[in-house]
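For reference, the structure is listed below as structure tokens.
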Amino acid sequence: MPHVVPVGYRHRVPKPASLIEAHRLVKRFGDFVAVDGVDLQVQPGEFFGFLGANGAGKSSTMRMIGCVSPPSEGVLRVFGLDPIKDGPVIRSRLGVCPQQDSLDEELTVLENLVVYARYFGIPRRVARQRAEELLEFVQLSERITSKVEPLSGGMKRRLTIARALINEPEILMLDEPTTGLDPQARHLVWERLFQLKQRGVTQVLTTHYMDEAEQLCDRLVVMDHGKIIAEGSPRRLIEQYSTKEVVELRFGNLPPETVARRINGRISEHCERHEILPDRILLYTADGDAAAEAASREHPAPSSVLVRRSTLEDVFLHLTGRTLVD
Amino acid sequence: MVTAVLATRLGRLASTPAGRIWAVCLRDVTAAHSVGYTFLLVVGFLEPVLYLLSMGFGVGGMVGEVVLADGARVSYASFVAPAMLAASAMNGPFFEGSIGFFSKMRYRKLFDATISTPVTPFEVAAGELLWSLGQGAMYSLAFCTVMVALGLATLGQVLAVLPAALLIGFAFGGLGLLLATFINSWKDFDYLGAIIFSMFLFSGTFTPVEAYPGPAQIIVWLTPLYHGIELTRGLILDALSLSMLADAAYLVVVGLLGLWLASRRIARTLCR
Ligand SMILES: Nc1ncnc2c1ncn2[C@@H]1O[C@H](COP(=O)(O)OP(=O)(O)OP(=O)(O)O)[C@@H](O)[C@H]1O
Ligand SMILES: [Mg+2]
């Protein structure tokens, strides 16, 4: 299938060193501190990610960067500009896909894009042409004249992404762009975001899907209760906060707690760190096969053994804990 | 060549605040064009016409003539018609500004997306006001046509009164926006309706204000509709006076204040 790519992306020079820069950024809602002293920089061309449990403060940070939510404290610069003073200028160069679609359900698919384009002062003819290209880009061309209301959740999400691209933004802000999408739609979105990255569009993403973050992000931060608790490339984070491999041991009907008590002490000989869950025991180790073999020789022996590479999910759960936050 | 220059000019205008206000208004035009909007328009237009017919000609048949402040005598229909025009100029913008805006802002959360573009909360408010003003203009125009057809106004008078009708729309559109920002549920609109209806009844609409007792006159004097009616009546009955400048100024101030306060409250809601 040919990949249709909207034309006209251009590198705008000169660019400031960091496109987004935040120092001790705080967002308060009444007494509640949603974002608690965040420092970050996003470089041109970078694909930057926010991870964090529900309520960690990802959207609040995204909204401040998007200049629709004034920071309570701290310094924020986008394109080197101040969101309070230069909000309209900054927003004219941003593309925003908010967590809630907020599409115009009274309008058709095409009208949604054309009307939105007008807010940027894009001439009608250009807007229409871009809208058609973008709808092709997110594979919505067949629905161009249908109303938005009856579209499926995935279609609405794709339309929201298309809408975010209508002004050929230099930074694309994506707040959970693939939440609620089926695998096909998710893969389509990933492909498209990757294409945009290749064209030099800086992207800022939040997601609850660790595989998504691992695939797309050059660099990411993990937020917890409004603070950044870890930062780095997916690979570096795995190196730093997890082991190379993980062994998952299951014991049929035997509760892992009981098993752990019986082989007490010896678990830690097989691995650097372990974790006892209600349904399995996890061994974090550099050499998964060796640990698996050692564990198999224990009594009781595991009913199933799985050796896998560490993922971002292991890092995330290690950093933010397994208990529900929200 | 000329069109090219014009296109560039317009293009540059499009990314200014004025262009963005226009863009906000055009969104509503686009939506109206795709929704069955005509029905609402017809109802909004018919209401004051029916009042004019029943009060002006029905009740007017019993009342006879009305003596104006300057001693001139006019038929009751001629007395009521300008007031109905003012009411018609008020209704469209007020209800579009309040109910229409509330539904877009709070119910459909339309502007959450709009403010992610260069459009500011003030431009949202102004664009919405412009849209309700456009609606008011259509109602007024339709009503003026009826007045001319019934011989209650001449073409010249209509041309003179239309700007006044727009001014009334501006004041009530701004007021509507402001009130919409205080509204929390659909039920609150019953209160708005009640306020507007009592204002409609007691703003010198059906009787000269001089007929009211003293304290009531002060309350009436405060309502923007009273000043609107002073304007339309003066212009249509050819009874111009200097105080009409004050009436116009009052409407401008109400509209601007409504717009400004509304846009501040909208900003606080949208830019949390
Ligand atoms: N307008 C608001 N008023 C009051 N509290 C708010 C507001 N917006 C967000 N919060 C609170 O701030 C905290 C952070 O919210 P935020 O939406 O930034 O989290 P998030 O990381 O995006 O979560 P999720 O993954 O669920 O989207 C939450 O506890 C939320 O309840
Ligand atoms: Mg969120």
Say we look at region A:165-179 and pick out the residues that are within 16 Å of ligand 2 (Cβ to nearest atom) and either acidic (D, E) or closer than 16 Å to A:R93 by Cβ (or both); which of these is nearest to the other protein chains (Cβ to nearest Cβ)?
A:M173
Name, by its number, the condition in (1) under 21 Å from the mean Cα position of the chain (by Cα); (2) more than 9 Å from chain B (Cβ to nearest Cβ); (3) over 18 Å from A:H225 (Cα atoms); (4) part of a strand (DSSP E or B) that does not hold for A:A34.
(3)
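Would you mind stating whether B:D70 is at pLDDT 90 or above, more than 24 Å from the chain's Cα centre (by Cα) and either surrounded by 23 or more Cβ atoms within 10 Å (Cβ to Cβ) or not small (G, A, S) (or both)?
Taking the combined requirement at face value, the residue does not satisfy it.
Considering B:G173, B:G193, B:G169, B:G214, which residue is of a type outside the set (V, I, T) and more than 19 Å from the chain's Cα centre (by Cα)?
B:G214
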Restricting the search to region A:44-82, which residues are more than 10 Å from chain B (Cβ to nearest Cβ), under 18 Å from B:T269 (Cα atoms) and surrounded by fewer than 21 Cβ atoms within 10 Å (Cβ to Cβ)?
A:S72
Considering (1) away from every other protein chain (no Cβ under 14 Å); (2) more than 22 Å from the chain's Cα centre (by Cα), say which one B:P118 fails and leave the rest.
(1)
A:T311 passes all but one of (1) hydroxyl-bearing (S, T, Y); (2) surrounded by fewer than 14 Cβ atoms within 10 Å (Cβ to Cβ); (3) within 30 Å of A:Q100 (Cα to Cα); which number fails?
(2)
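Just for region A:218-240: of the residues that are assigned to a helix (DSSP H, G or I) and aliphatic (A, V, I, L, M), which one is farthest from A:H23 (Cα to Cα)?
Result: A:I238.
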Which pairs do you get when a residue that is more than 10 Å from ligand 1 (Cβ to nearest atom), found in region A:50-75, comes within reach of a residue that is part of a loop (DSSP other than H, G, I, E, B), reach meaning Cβ atoms under 7 angstrom, with the pair 6+ apart or on two chains?
A:G66/B:S116; A:V68/B:I115; A:V68/B:S116; A:V68/B:C271; A:P70/B:C271
Please go through region A:231-265 and pick out each residue that is among the small types (G, A, S) and under 30 Å from A:Q41 (Cα atoms).
A:G232, A:S233, A:S242
Taking region A:279-326, which residues are modelled with pLDDT under 85 and assigned to a loop (DSSP other than H, G, I, E, B)?
A:R297, A:E298, A:H299, A:P300, A:A301, A:G321, A:R322, A:T323, A:L324, A:V325, A:D326
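How many residues does region A:241-266 contain that are without any contact (Cβ under 8 Å) to a residue 24 or more places away in the chain and assigned to a helix (DSSP H, G or I)?
4
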Test: residue in region B:241-249 that is over 16 Å from B:L179 (Cβ atoms) and either within 14 Å of chain A (Cβ to nearest Cβ) or outside any helix (DSSP H, G or I) (or both)
yes
When residues of region B:91-115 are limited to those that are among the aliphatic types (A, V, I, L, M) and more than 10 Å from chain A (Cβ to nearest Cβ), the one surrounded by the fewest Cβ atoms within 10 Å (Cβ to Cβ):
B:I99
Out of all the residues in region A:83-134, which are more than 10 Å from chain B (Cβ to nearest Cβ) and of a type in the set (D, E, K, R)?
A:K85, A:D86, A:R128, A:R130, A:E132, A:E133
Candidates A:I228, A:I263, A:I238, A:I281, filtered to the one that is among the aliphatic types (A, V, I, L, M) and in the same structural domain as A:D175 (by TED's automatic domain parsing):
A:I228
When you scan region A:241-272, how many residues do you find that are charged (D, E, K, R) and modelled with pLDDT under 85?
6
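The values are calculated or read from the model by the stated rules, or taken from the named source; none is laboratory data. Fair warning: this is a prediction, and the values are worked out from it, not measured in the lab. Counting neighbours? That spans all protein chains shown, and the Cβs are built from the backbone with ideal geometry, glycine included.
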